[in-house]
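Here is the structure we will look at, set down as structure tokens.
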Amino acid sequence: MVQIKCNDVSLGYDGKNIVEHLDFEIESGDFLCIVGDNGSGKTTLMKALLGLKKVSSGSIDFADRATGRRLGYLPQQSEERSEFPATVEEVVLSGLVGSLGAKCFFSRSGRKTARENLYRLGISDLAKKPFSKLSGGQRQRALLARALCAVEDMILLDEPVSGLDPAATEDMYELICELNKNHGVTVIMITHDIDAAVRYANKVLYIGKEPSFFTSVDEYVASPVFPARKEA
């Protein structure tokens with residue numbers, strides 16, 4: 001089933017487009033990596049998918065409009081977020097805020113969802129620990145659990161391993177792959193790690209100086225913009 005369809009989408013700021021004529025579809029269970037040059041519009045596209053940025057032209061259509069308004073999102077790491085004064089459980093629960101509506105308190109089922117995602121990501125034992133005391137890898141696990149509380153079948157990740165050491169990087173990739181392959185979670189990930197894109201994704205959206213294109217991993221590897229070919 002197609003979950004997101006982008007039709008001739010252009011995006012920019014102050015009347016000037018930085019990315020134009022994007023056409024792609026994301027189906028349930030896809031692992032899409034968005035790759036390309038710095039400043040090419042990858043994060044701007046992510047903001048548009050999240051509803052934080054209007055398209056200049058074209059359209060972004062969601063199969064489920066509610067999902068379109070409330071996507072699970074894991075942003076890049078920041079020091080400000082690492083000092084957030086809350087427990088791990090509270091951070092994960094905050095992913096449910098968008099579903100509270102007029103209610104002021106988390107429901108019993110919401111707290112159950114948070115506990116399940118803490119367990120799912122292997123951090124149940126950290127639930128009462130201050131978020132600020134976690135390692136980088138543990139923080140990313142907690143924020144991923146938070147994203148899954150928002151929407152359990154689709155997550156958007158912006159450079160999820162940025163700042164992590166090699167062991168934590170591999171651990172995070174394996175966790176994301178596990179969610180995709182074994183739990184059917186659709187993954188949309190911005191990355192500069194081309195090896196990871198080729199290893200884990202089934203589709204690639206290239207945005208850069210060359211014309212943007214949407215393709216399979218095999219066709220991306222065979223394309224002129226693939227780094228190994230550009231350097232040859």
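Points worth noting:
- Total charge dipole magnitude, the stretch 117-167, about the Cα centre, Cβ charges on Lys, Arg, Asp, Glu only, Debye to nearest 20: 340
- Spin-label proximity, residue 199 to the stretch 163-183 - amide N less than 16 Å from point 7 Å beyond Cα toward beta carbon: 163-181
- Set of the stretch 195-213 residues, backbone N closer than 15 Å to the point 7 Å along the Cα-Cβ line of residue 221: 195-204
- The stretch 201-224 versus the stretch 160-178: alpha-carbon centroid distance in Å: 23
- Reported value for the stretch 152-232: 109 Å³ per residue, from the convex hull of its C-alpha atoms.
- Once both labels are positioned 7 Å from their Cα atoms along Cα-to-Cβ, the gap between residue 153 and residue 109 label points is 1.6 nm.
- Positive-end residue, the chain charge dipole about Cα centroid, Cβ charges, pick of 12, 214, 107: 107
- Only protein heavy atoms count here; under a 1.4 Å probe, residue 2 has an accessible surface of about 50 Å².
- Among 86, 222, 114, residue whose mean-square fluctuation peaks in a GNM of the chain (springs only between Cα atoms under 10 Å): 222
- Taking every DSSP bridge with both residues inside the stretch 85-232, close to 50 percent are antiparallel.
The values are calculated or read from the model by the stated rules, or taken from the named source; none is laboratory data. Since we're looking at a predicted model, the values are computed, not measured. Here the Cβ is made from the backbone with ideal geometry for all residues, glycine too, and neighbour counts use every protein chain on show. Just so you know, the surface numbers come from the protein's heavy atoms only, side chains and all, with ligands and any DNA or RNA stripped out. Shrake-Rupley method; radii C 1.70, N 1.55, O 1.52, S 1.80 Å.
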